[in-house]
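Asks: One structure, as structure tokens, below. Some questions next.
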Number of protein chains: 2
Amino acid sequence: MGLETIQSNDKSLPELVAGQITGLIADNEYKKGEKLPNEFQLAQSLNVGRGTIREAIKILVSKNIVEIRRGLGTFVAEKPGLVDDPLGLGFIKNKRKLTKDLLEVRSMIEPEIAALAAERATDSDIEKILEACQAVEDKIHKGETFEEDDVAFHKLIAKSSKNQVVLNVLPVIHSAIKELVEVTNAGLTEQTMRTHRAVADAIAAREPEKAKEAMLAHMLYNKEYLGKH
Amino acid sequence: MGLETIQSNDKSLPELVAGQITGLIADNEYKKGEKLPNEFQLAQSLNVGRGTIREAIKILVSKNIVEIRRGLGTFVAEKPGLVDDPLGLGFIKNKRKLTKDLLEVRSMIEPEIAALAAERATDSDIEKILEACQAVEDKIHKGETFEEDDVAFHKLIAKSSKNQVVLNVLPVIHSAIKELVEVTNAGLTEQTMRTHRAVADAIAAREPEKAKEAMLAHMLYNKEYLGKH
């Protein structure tokens with residue numbers, strides 16, 4: 001008996017049920033982070049056996065659509081459907097080239113994002129961006145690590161672009177880069193402070209072109225630095 | 001008995017085995033599209049029971065790392081780990097805004113891609129791009145649908161950029177757009193022919209800035225058109 005006996009590509013009942021539950025989540029019937037009805041209730045309302053629900057939940061867990069919290073129940077994931085390494089980047093063999101390609105994509109997207117942020121940021125967004133910019137500077141002056149604040153700064157800008165696709169794509173690229181290179185910007189403190197500040201000020205002044213150029217300069221420093229290390 | 005009894009977040013043995021097999025695939029031990037050893041052989045070489053292998057394979061199928069071909073066996077997927085809707089875009093509620101956001105991201109990436117293609121395309125790449133450009137024109141002149149050739153044209157340019165991340169990201173964005181809007185470019189034939197040709201010629205002439213501008217013009221026509229329909 002070979003592996004071909006396990007399960008065919010045709011949809012099984014649990015897969016169909018998993019699809020139904022996914023549909024309910026997508027339609028906001030069950031919201032992000034919300035607890036799902038228990039196995040018994042789901043079985044009743046979807047008119048299938050509890051074994052089928054159990055299998056369906058396993059499928060949903062593996063796709064990161066729901067998550068099981070031990071002793072608490074099954075919950076809709078905070079970012080449903082966004083799996084680890086969703087783009088299969090881990091399967092790209094040449095890690096050096098992958099790093100270069102990731103940085104290249106970042107350089108394509110983030111300057112445009114900065115320009116959009118300059119157009120669309122609310123006053124509250126701008127306040128937070130300026131605060132995050134200051135937080136990085138403070139950490140640098142104290143000689144502390146600032147990677148987390150750095151990521152927060154870029155995330156706030158992405159959020160201010162008001163583009164949801166960007167918000168889903170960028171973390172994938174950032175985390176892939178983080179896994180590949182040890183991102184110690186220790187050698188880049190001066191440039192980081194200067195270019196971050198230029199980006200933040202341009203967004204605050206609502207000058208898209210300036211924001212784009214400043215972010216591009218920031219990306220180029222990073223690229224150059226990582227190329228050397 | 002609630003759902004919490006099903007499976008905890010701690011890794012189960014099948015999950016660990018699935019991770020092991022994923023590692024072997026990532027390390028090219030098993031290559032894309034290649035047949036995996038059968039259940040019995042896998043159980044022996046990984047030193048676990050066949051039931052565990054069976055569960056592990058189910059997990060790998062749901063993650064699109066392997067696929068089962070009925071009667072033939074289990075094969076490494078052609079694009080391992082790239083699941084349907086990997087960015088969870090289907091979970092974004094406002095479909096009109098999602099369409100706009102997707103087109104916006106396309107406008108960020110594709111002009112830069114065209115510029116890179118102008119720098120990096122091989123002679124053979126250029127030949128194929130020009131052929132694809134011609135194929136679209138021929139279809140338009142015959143009054144036939146040209147969506148497939150259109151996608152092929154953009155894909156060849158992405159391939160010529162030699163950026164693997166772009167090659168993994170773009171199909172996700174293209175297919176998400178395709179699901180949301182009925183992409184009949186019927187009303188855009190003149191602009192499509194003209195801007196495609198300008199992109200292809202600029203790449204063939206190895207002029208990155210021109211290629212970028214032409215692609216941007218192409219994107220703007222599409223955006224404007226889709227905004228109206």
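The values are calculated or read from the model by the stated rules, or taken from the named source; none is laboratory data. Note that the structure is a prediction, hence the values are computed from the model and not measured. Ideal geometry is used to build each Cβ from the backbone, glycine not excepted, and the neighbour counts take in all protein chains shown.
Asks: Any residue in the range B:32-54 that's within 14 Å of B:Glu15 (Cα to Cα): show its pairings with residues that are of a type in the set (S, T, N, Q) at Cβ separation under 7 Å, as long as the two are six or more apart or on different chains.
Replies: B:Leu46/B:Gln20
Asks: Quick one: in the range B:37-57, of everything that is touching a Lys or Arg at 6+ places or on another chain (Cβ under 8 Å) and surrounded by fewer than 20 Cβ atoms within 10 Å (Cβ to Cβ), which residue is farthest from the other protein chains (Cβ to nearest Cβ)?
Replies: Within the range B:37-57, the match that is farthest from the other protein chains (Cβ to nearest Cβ) is B:Ala43.
Asks: Could you grab me the full set of residues in the range B:110-146 that are among the charged types (D, E, K, R) and touching a helix residue (DSSP H, G or I) at 6+ places or on another chain (Cβ under 7 Å)?
Replies: First, the residues of the range B:110-146 that are among the charged types (D, E, K, R): B:110, B:112, B:119-120, B:123, B:125, B:127-128, B:131, B:137-139, B:142, B:144.
Residues satisfying the conditions are B:Glu110, B:Glu112, B:Glu119, B:Arg120, B:Asp125, B:Lys128, B:Glu137, B:Lys139.
Asks: Out of the helices (runs of 4 or more DSSP H) lying entirely within the range A:118-229, which hold 3 or more residues that are out of contact with any Ser or Thr (no Cβ under 8 Å at 6 or more places or on another chain) and β-branched (Val, Ile, Thr)?
Replies: Answer list for the range A:118-229: A:164-180, A:189-204.
Results for (1) buried (at least 22 other Cβ atoms within 10 Å of the Cβ); (2) more than 7 Å from every other protein chain (Cβ to nearest Cβ); (3) without any contact (Cβ under 8 Å) to a residue 24 or more places away in the chain, shown as yes or no for each residue.
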| residue | (1), (2), (3) |
| --- | --- |
| A:Leu60 | yes, yes, no |
| A:Asp85 | no, no, no |
| A:Val105 | yes, no, no |
| A:Leu116 | yes, yes, no |
| A:Ile126 | no, yes, no |
| A:Gln134 | no, yes, yes |
| A:Ile140 | no, yes, no |
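Asks: Look at B:Glu34 and say whether it is out of contact with any Gly (no Cβ under 8 Å at 6 or more places or on another chain), acidic (Asp, Glu) and not assigned by TED's automatic domain parsing to the domain that holds B:Pro171.
Replies: yes
Asks: Here's another thing I want to ask about it. Which one of A:Ala43, A:Ala77 is of a type in the set (A, V, I, L, M, F, W, C) and within 20 Å of A:Pro171 (Cβ to Cβ)? Full working, then the answer.
Replies: Details: A:Ala43 fails: within 20 Å of A:Pro171 (Cβ to Cβ).
Just one listed residue meets the conditions, A:Ala77.
Asks: So which residues in the range B:38-90 are under 26 Å from B:Leu180 (Cα atoms), among the hydrophobic types (A, V, I, L, M, F, W, C) and assigned to a helix (DSSP H, G or I), if there are any at all?
Replies: The one that is under 26 Å from B:Leu180 (Cα atoms), among the hydrophobic types (A, V, I, L, M, F, W, C) and assigned to a helix (DSSP H, G or I): B:Leu89.
Asks: Go through (1) over 19 Å from B:Arg197 (Cβ atoms); (2) surrounded by 20 or more Cβ atoms within 10 Å (Cβ to Cβ); (3) more than 14 Å from every other protein chain (Cβ to nearest Cβ) and name the single condition B:Phe153 misses.
Replies: Condition not satisfied by B:Phe153: (1).
Asks: Take the residues of the range A:1-37 that are touching a strand residue (DSSP E or B) at 6+ places or on another chain (Cβ under 7 Å) and in a helix (DSSP H, G or I): which is modelled with the highest pLDDT?
Replies: Filtering the range A:1-37 for residues that are touching a strand residue (DSSP E or B) at 6+ places or on another chain (Cβ under 7 Å) and in a helix (DSSP H, G or I), the one modelled with the highest pLDDT comes out as A:Ile25.
Asks: Only one of these is of a type in the set (Ser, Thr, Tyr) and touching an Asp or Glu at 6+ places or on another chain (Cβ under 7 Å): A:Ser124, A:Ser175, A:Ser160. Name it.
Replies: Result of the check over A:Ser124, A:Ser175, A:Ser160: A:Ser160.
Asks: Take the residues of the range B:67-83 that are touching a Lys or Arg at 6+ places or on another chain (Cβ under 9 Å) and facing chain A (nearest Cβ under 7 Å): which is modelled with the lowest pLDDT?
Replies: The residue in question is B:Val83.
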